[in-house]
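Working notes for the structure below.
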Amino acid sequence: MMHLSTVLLLALSTRAAVIPSRRSLNQRQASPKLVVAHHIVGNTFTYTPQDWTDDMNLASASGIDGFALNIGPDDFQVTQTQNAFQAADALGGNFKLFFSLDMSVLPCATADDGAALRQRVLDFATRPSHLQVNGKAFVSTFAGESCTFGEASVPDGWRNQFTQHPDLQGKIQFVPSFFIDPATFTDFSGVMDGAFNFNSGWPIQVTVDFADGIANDLAGTGDSLTNTLNQFIGANATDLQQIGDLANLAAGGSRLTYMAAVAPHFFTHFGADSFNKNFIFLADQHLLVQRWETLIALRDQVDIVEIVTWNDYGESHYVGPIKGVLPPGSEPWVNGFPHQDWLDLTRYFATAFKTGTTPTIDKDQIIMWARPHPALASSPDPLSPPTTFQITQDNIWAVVMATAAGTATLTDGISPPQTFDVVPGVNKLAIPIAPGGTLSGTLERNGQTVVSLQTPGSDFTFNGAPALFNYNVFVASATSA
Ligand SMILES: *[C@@H]1O[C@H](CO)[C@@H](O)[C@H](O)[C@H]1NC(C)=O
């Protein structure tokens, strides 16, 4: 059995302490601070140009500066990319687009694959709405750490067939999310102009075994497991690690971009007969808010925050509206589970990240969310519950955005209401939820109710006996008049 401090040390990694060189820090501070959202073009088969315009207007009103277009190989995704650029250009070019090349599905084994990828980038790189960083078209990826494009090694493949190929050389700022040990970033000199830390949105190391190890270490100490796990939620350890390793890569004098991720949730439940992925990442304890708070504290070293995601319904981390085409099989855990009220939190935190100043809250607001059944519920679902389901708490998570001090009262309608003093600003609150529970919360000030959120059971009920496993969340909100 490992001692707790060893576990923590291993998880946080001593390399996290590496301080980037002064030069690379200054370089980072010189670049624009942006917030973008990951948009899965694969879910837009039915989109009209107006759908793109609507998404961009909603995102823009929520403090989001652009979309990272996650694209795969389907022909319709080329058509939808054209629609997206047409819509963004028509908005005047202030809302930015760039590719997140999905290398988990795009072919990358041959030189021809490299040529096709270069062409895809070049087709849009000079459009008015294409994001430019350091005067070059910004290009990102999901994965790509196995691509060789027919060359002897992965770095050679990317270098010779992509970033340094005469077609693209000097034209792109390439910031991939390779799933590699960041200590090997230096192998990608001439390839990486920065790093996108895709998994930084979730405490992915917190598995059941990890939690069990901590619980063992805590036995008899009186410390609670949830409090101890909480220090991994939204944490900055992998940011500091990648920022430090980017500083080593920057030795050549190039201006590097660090792009961090923010995510609100994660649940996917596809059987072996479809996408074959069935797991959660822990998103308790207001992950979305804690992660933003971490990145705002670290803002001097973070150039871009990418919200993961706008519309990845299959993994339950969407903040945009439910529209387009859901991945087949995800309907039961997505339909009826809106997340859009998280966009109000997004606007607040994105503004704080970009400006360095906490925005004024003009209206009192309560945002509440919960999963639809107990973590340990049984279900006749033919597919087993998702990996890591045991460690998520049966709570209602609430955020009160308060214009001034007041008293919040929360209840699931089953247990007696609990009251909390709230301070001006963002307040993170939680109460347990029991079967039959719904979401209700009020904010009172000077004896008056200023906000009241009541979710009728027809919209959401915490179900003790679910027909199918669903670890997605229902999000609701209410705002003062
Ligand atoms: C990283 O997180 C730790 C723990 O919350 C905090 O003490 C530290 O100041 C953070 N580092 C930076 C550079 O923000």
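For region 339-374, give me the residue count where each residue is touching a Leu at 6+ places or on another chain (Cβ under 7 Å) and aromatic (Phe, Trp, Tyr).
Residues flagged as touching a Leu at 6+ places or on another chain (Cβ under 7 Å) and aromatic (Phe, Trp, Tyr) within region 339-374 amount to 2.
Check off (1) at pLDDT 95 or above; (2) outside any loop (DSSP other than H, G, I, E, B); (3) under 21 Å from the mean Cα position of the chain (by Cα) for ALA11 and give me the number that stays unchecked.
So ALA11 meets the others, but not (1).
Can you find even one residue in region 65-76 that is free of Cβ contacts under 8 Å to residues at least 12 places away in the same chain and either aliphatic (A, V, I, L, M) or within 30 Å of PRO359 (Cα to Cα) (or both)?
No, the conditions are met nowhere in region 65-76.
Kindly indicate which of ILE391, ILE414, ILE366 is modelled with pLDDT under 95, surrounded by 13 or more Cβ atoms within 10 Å (Cβ to Cβ) and among the aliphatic types (A, V, I, L, M).
Within the list ILE391, ILE414, ILE366, the selection yields ILE391.
Collect the residues in region 176-204 that are touching a residue at least 12 places away in the same chain (Cβ under 8 Å) and acidic (Asp, Glu), keeping them in residue-number order.
Those that are touching a residue at least 12 places away in the same chain (Cβ under 8 Å) and acidic (Asp, Glu): ASP187, ASP193.
Could you go through region 197-217 and let me know if any residue there is aromatic (Phe, Trp, Tyr) and in a strand (DSSP E or B).
No, the conditions are met nowhere in region 197-217.
Take the conditions more than 16 Å from the ligand (Cβ to nearest atom), within 20 Å of ILE204 (Cα to Cα) and touching a residue at least 40 places away in the same chain (Cβ under 8 Å) and apply them to THR257. Does it pass?
It is false that THR257 is more than 16 Å from the ligand (Cβ to nearest atom), within 20 Å of ILE204 (Cα to Cα) and touching a residue at least 40 places away in the same chain (Cβ under 8 Å).
Among the numbered criteria (1) surrounded by fewer than 20 Cβ atoms within 10 Å (Cβ to Cβ); (2) modelled with pLDDT under 95; (3) away from the ligand (no atom under 16 Å from the Cβ), which single criterion is violated by ALA250?
Condition not satisfied by ALA250: (1).
Considering only region 360-375, state which residues are touching a Ser or Thr at 6+ places or on another chain (Cβ under 8 Å) and free of Cβ contacts under 8 Å to residues at least 12 places away in the same chain.
Within region 360-375, no residue meets the criteria.
Is there any pair with a first residue in region 296-307 that is in contact (Cβ under 8 Å) with a residue 24 or more places away in the chain and a second that is more than 8 Å from the ligand (Cβ to nearest atom) and aromatic (Phe, Trp, Tyr) whose Cβ atoms are under 7 Å apart and which are 6 or more apart or on different chains, and what are they?
Taking only residues 6 or more apart or on different chains, the pairs are ILE296/PHE349; ILE296/PHE353; ARG299/PHE353; GLN301/TYR258; VAL302/TYR258; ASP303/TYR258; VAL305/PHE353; GLU306/PHE196.
Out of all the residues in region 230-242, which are assigned to a helix (DSSP H, G or I) and in contact with a Lys or Arg (Cβ under 7 Å, 6 or more places away or on another chain)?
GLN241
Hey, any hits in region 376-383 for a residue that's in contact (Cβ under 8 Å) with a residue 12 or more places away in the chain, crowded, with 16+ Cβ neighbours inside 10 Å and touching a helix residue (DSSP H, G or I) at 6+ places or on another chain (Cβ under 8 Å)?
No, that holds for no residue.
Considering only region 150-175, state which residues are under 22 Å from ALA260 (Cα atoms), in contact (Cβ under 8 Å) with a residue 40 or more places away in the chain and in contact with a helix residue (DSSP H, G or I) (Cβ under 8 Å, 6 or more places away or on another chain).
ILE172 - this is the single residue of region 150-175 that is under 22 Å from ALA260 (Cα atoms), in contact (Cβ under 8 Å) with a residue 40 or more places away in the chain and in contact with a helix residue (DSSP H, G or I) (Cβ under 8 Å, 6 or more places away or on another chain).
Restricting attention to region 288-310, does a residue exist that is crowded, with 23+ Cβ neighbours inside 10 Å and at positive phi?
Scanning region 288-310, I find no residue that is crowded, with 23+ Cβ neighbours inside 10 Å and at positive phi, so the answer is no.
Report, by residue number, each residue of region 290-306 that is more than 25 Å from LEU429 (Cβ to Cβ) and more than 8 Å from the ligand (Cβ to nearest atom).
Answer for region 290-306, where residues must be more than 25 Å from LEU429 (Cβ to Cβ) and more than 8 Å from the ligand (Cβ to nearest atom): ARG299, ASP300, VAL302, ASP303, ILE304, GLU306.
Looking at THR268, THR228, THR207, which one is of a type in the set (Ser, Thr, Tyr) and either within 14 Å of the ligand (Cβ to nearest atom) or free of Cβ contacts under 8 Å to residues at least 12 places away in the same chain (or both)?
Answer to the selection: THR228.
Give all pairs with beta carbons closer than 8 Å in which a residue from region 310-325 that is over 15 Å from TRP342 (Cα atoms) and of a type in the set (Val, Ile, Thr) meets a residue that is crowded, with 20+ Cβ neighbours inside 10 Å and modelled with pLDDT of 95 or more; count only pairs at least 6 apart in sequence or on separate chains.
Final answer for the pair search is VAL325/ASN43; VAL325/THR44.
What's the number of the condition ASP223 fails, among (1) surrounded by fewer than 18 Cβ atoms within 10 Å (Cβ to Cβ); (2) within 16 Å of the ligand (Cβ to nearest atom)?
The one condition ASP223 does not meet is (2).
The values are calculated or read from the model by the stated rules, or taken from the named source; none is laboratory data. Note that the coordinates shown come from a computational prediction; the quantities given were computed from them, not determined experimentally. Ideal geometry is used to build each Cβ from the backbone, glycine not excepted, and the neighbour counts take in all protein chains shown.
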